[in-house]
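> Pasting in a structure now, in structure tokens, and then I'll have a few things to ask.
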Amino acid sequence: MSLVVRDHTGWVTRWDAGPARPPDPVAQLRAARSHAAQGGGGPFVLWVEHVDDALDHAARTEGLHPWRDLLQMRCALPAAHTDVPTRPFVASDAGAFLAVNNRAFAWHPEQGGMTVDDLAAKQAEPWFDPEGFRIHERDGRLAAFCWTKIHPANPSLGDPPLGEIYVIAVDPAFHGQGLGNALTLAGLEWLSAHGLAQGMLYVEHDNVAAVRTYERIGFHVHHIDRAYTADARADGDAS
């Protein structure tokens, strides 16, 4: 069973794809909710990678409701070229990056409200490469960024090495200038130049404008990760 952890939003558990998939999803879900109830109850979230009909049925049968669909989209590399210039992230960009990120993602439950400590934690990750964190400046200020991440091959899922557009954002003050498309292409160019043959990103299914932009670039939906929730009372009643 995936670990059940408590964060600032409540209880969270994940069902990963591949060999870690639970053989008896209903039993696993009941055990996870019982653990949360014994820990004081509260909101409960289940994330399912590569959701399928069987796991969707298990979650709904146990009283959980779909909350978020996160699309994983992929594309072949190289993609189209962009003439919009970018440069690597440097330490002095931190303040401007956080300001743009938090304006652009004010609505987002995870990416919004990023702090200096949050950024430092990401920079301490072994995958972090400032060269792959592309910055675009306009009118003397940080206007947009594209942060990439390289994933090694995952034989258990049949995945080749993947170059991810990890976070991309445009300062709202520069919306309407095509920078979302251009910065996505800049990130993909950087990944392709470093040997990646396949690009990947995650996007909320209801972010229609972003999904359409990515489809125009050549991305297609590979799979869906889905979050389910239960209210505090239902979680507290789990046994």
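> What FRET efficiency comes out for the pair residue 38/residue 68, r = Cβ-Cβ distance, R0 = 22 Å, nearest 0.05?
E between residue 38 and residue 68, to the nearest 0.05, is 0.25.
> Rounded to whole Å, give me the distance from the Cα center of segment 85-118 to that of segment 199-219.
Using only Cα atoms to place each centre, the spacing works out to 20 Å.
> Another question, if that's okay. Over the C-alpha atoms of segment 9-143, what are the Rg and the largest Cα-to-Cα span, Dmax, in Å?
Every Cα atom of segment 9-143 included, Rg and Dmax give 20.0, 57 Å.
> Where Rh is the Kirkwood radius over the Cα pairs of the chain, the temperature 25 °C and the viscosity 0.890 mPa s, what D in µm²/s does Stokes-Einstein return?
Numbers: Rh = 19.4 Å.
Result for D is 127 µm²/s.
> Also, I was wondering about something else. Full-extension gain between residue 128 and residue 27, please, as 0.36 nm times their residue separation minus the C-alpha to C-alpha distance.
Details: separation 101, 0.36 × 101 = 36.36 nm, distance 3.76 nm.
Full extension of this stretch gives 32.6 nm more.
> Using just the helices of the chain, give the 222 nm mean residue ellipticity in deg cm²/dmol: DSSP H runs with n ≥ 4 each add -39,500 (n - 2.57), and the total is spread over all residues, rounded to 500.
For the chain, the value works out to -9000 deg cm²/dmol.
> Enter the mean projected area of the convex hull around the alpha-carbon atoms of segment 105-239, in nm², rounded to one decimal.
Numbers: hull surface 46.0 nm².
Result: a mean projected hull area of 11.5 nm².
> Pull out a ≥ b ≥ c, the square roots of the eigenvalues of the alpha-carbon gyration tensor of segment 1-85, then state rounded if a/c is under 1.5, prolate if not and a/b is larger than b/c, and oblate in the remaining case.
prolate
> OK, next. If the elastic network links every pair of Cα atoms under 10 Å, which of 78, 161, 23 fluctuates the most in the Gaussian network model of the chain?
23
> Please find, in a Gaussian network model of the chain (springs between Cα atoms separated by less than 10 Å), the residue of 98, 70, 157 whose mean-square fluctuation is greatest.
157
> Need one number: nm distance between label points at residue 139 and residue 98, each 7 Å from Cα along Cα→Cβ, rounded to one decimal.
Taking the simple label geometry, residue 139 and residue 98 are separated by 2.4 nm.
> For the chain, give me the percentage of DSSP beta bridges that are antiparallel, rounded to the nearest 5 percent.
Once the DSSP bridges in the chain are tallied, antiparallel ones form about 85 percent.
> Now for a different question. Residue separation times 0.36 nm, minus the C-alpha to C-alpha distance between residue 120 and residue 81: what's the value? Could you put the intermediate results ahead of the total?
Numbers: separation 39, 0.36 × 39 = 14.04 nm, distance 3.13 nm.
Between residue 120 and residue 81, full extension yields an extra 10.9 nm.
> While we're here: Suppose R0 equals 45 Å. What FRET efficiency, 1/(1 + (r/R0)^6) with r the Cβ-Cβ distance, do residue 193 and residue 54 give to the nearest 0.05?
It comes to 0.65.
> Still on this structure: Return the single residue from 164, 131, 189 with maximal mean-square fluctuation; model: Gaussian network over the chain, springs between Cα atoms under 10 Å.
131
> How much FRET efficiency would the formula 1/(1 + (r/R0)^6) give for residue 105 and residue 6, where r is the Cβ-Cβ distance and R0 is 22 Å, rounded to 0.05?
0.40
> At a 10 Å Cβ-Cβ cut-off, how would you order 84, 48, 203, 221, fewest neighbours first?
221, 84, 203, 48
> For segment 174-198 and segment 60-81, what is the centre-to-centre distance using only Cα atoms, to the nearest Å?
Going from one Cα centre to the other spans 19 Å.
Laboratory data are not the source of any read-out in this text; all were calculated from the coordinates shown. Keep in mind that what you see is a predicted model, and the values were worked out from it rather than measured. Every residue, glycine among them, receives a Cβ derived from its backbone with ideal geometry; neighbour counts consider all protein chains shown.
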